[in-house]
1. Hey, can you tell me all the residues within the stretch 125-136 that are under 15 Å from THR9 (Cβ atoms) and open to solvent by less than 10 Å² (accessible area, probe 1.4 Å)?
2. Out of the stretch 176-223, which residues are open to solvent by 50 Å² or more (accessible area, probe 1.4 Å) and either within 21 Å of LEU122 (Cβ to Cβ) or small (Gly, Ala, Ser) (or both)?
3. Which condition number does ASP231 fail, the rest of (1) of a type in the set (D, E, K, R); (2) crowded, with 16+ Cβ neighbours inside 10 Å; (3) more than 17 Å from ARG14 (Cβ to Cβ) being met?
4. Kindly provide the set of residues from the stretch 105-116 that are open to solvent by less than 30 Å² (accessible area, probe 1.4 Å) and not in a loop (DSSP other than H, G, I, E, B), ordered by number.
5. Just to check your reading of the model, which residue among TYR182, TYR79, TYR186, TYR106 is out of contact with any Phe, Trp or Tyr (no Cβ under 6 Å at 6 or more places or on another chain), farther than 28 Å from VAL30 by Cβ and of a type in the set (Phe, Trp, Tyr)?
6. Can you go through VAL132, VAL214, VAL142 and tell me which one is touching a residue at least 12 places away in the same chain (Cβ under 8 Å) and under 17 Å from the mean Cα position of the chain (by Cα)?
7. Assuming ILE253 fulfils every condition listed in (1) open to solvent by 30 Å² or more (accessible area, probe 1.4 Å); (2) over 21 Å from ASN178 (Cβ atoms) apart from one, which condition is it?
8. Just to be sure I understand, how many residues within the stretch 143-157 are among the small types (Gly, Ala, Ser) and in contact with a strand residue (DSSP E or B) (Cβ under 9 Å, 6 or more places away or on another chain)?
Amino acid sequence: MTDKTVVLTGSAGRIGSRFAHVLSGAGANVVLVDIEEKKNKELEKELEKKYHTNPTSLTIDISKQSDLVNLRKKILPRYGKIDVLINNAHFLPRTHPQRDVPFEEYPLELWDEAISVNLRGLFLCCQEIGKVMLKQGQGVMVNISSIYGISGADQRIYGKSRLNSPAFYSATKGAMVNLTRYLAAYWHGKNIRVNTLTLGGVFDKQLHKDETFVKKYSEKTIMGRMANKEDYDGAILFLCSNASSYVTGTNLIVDGGWTVW
């Protein structure tokens, strides 16, 4: 990944920041794209100091086409190319008072906001960065999905944890998996590879304080535990690098065996 230019959306989040470290450690120059300006800027400084790479942080709303046009215009003069796009950003309203209301009563405004980021934003990122990759004759896209994009959310494991995944999460993550297939087929012969990386739940001691939920989740995996952030390091490096040069249109599932049962 030395001197590869990687555009990473949702870079300030738990998984995004981990991906940024892994890719920077492999020599990539990571363009950090997020709406969380302060966290993103701190991450940029951290990466530059630790890995001596050339990262940059940009405050971007991926649901706005004008923001993504400007993103493209800011990246190319500085780096001259875009080798990899990682679509990791997504909307999940964990602090909203109605975040876990029953499906029959779920607020339309939350559904619409999720679609705006998770699907419209995904479409726009692929479209704008795809133009660059098409012109330069090469590129890699990795779309970060979830086990709930390929299976139904098991409502039985959540109890009173309020960690239930809303319907929009499954709907948008499932759509991402098939958009991957569409784009891989659409860009056949153009030297642009598009793949999905499907993740299982990642344990976070600040978020997962409900021990019953953690126990029930873990029991549904063959490995008997939730994932650690580090469990996805190899997968993201594989899909972003030439190690996966014969891989496109696929969905790499790293879930501790959740979807095997």
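1. CYS125, CYS126, GLU128, ILE129, GLY130
2. ASN178, ARG181, TYR182, ALA185, TYR186, HIS188, GLY189, LYS190
3. So the condition that ASP231 fails would be (3).
4. LEU110, ALA114
5. The conditions single out TYR106.
6. VAL142
7. Going through the list (1) open to solvent by 30 Å² or more (accessible area, probe 1.4 Å); (2) over 21 Å from ASN178 (Cβ atoms), ILE253 breaks only (2).
8. 3
The values are calculated or read from the model by the stated rules, or taken from the named source; none is laboratory data. For clarity, every value in this text was computed on a predicted model and none was experimentally measured. Neighbour counts run over all protein chains shown; Cβ positions are idealised from the backbone, glycine included. Note: areas computed on protein heavy atoms with side chains; ligands, DNA, RNA excluded. Shrake-Rupley method; radii C 1.70, N 1.55, O 1.52, S 1.80 Å.
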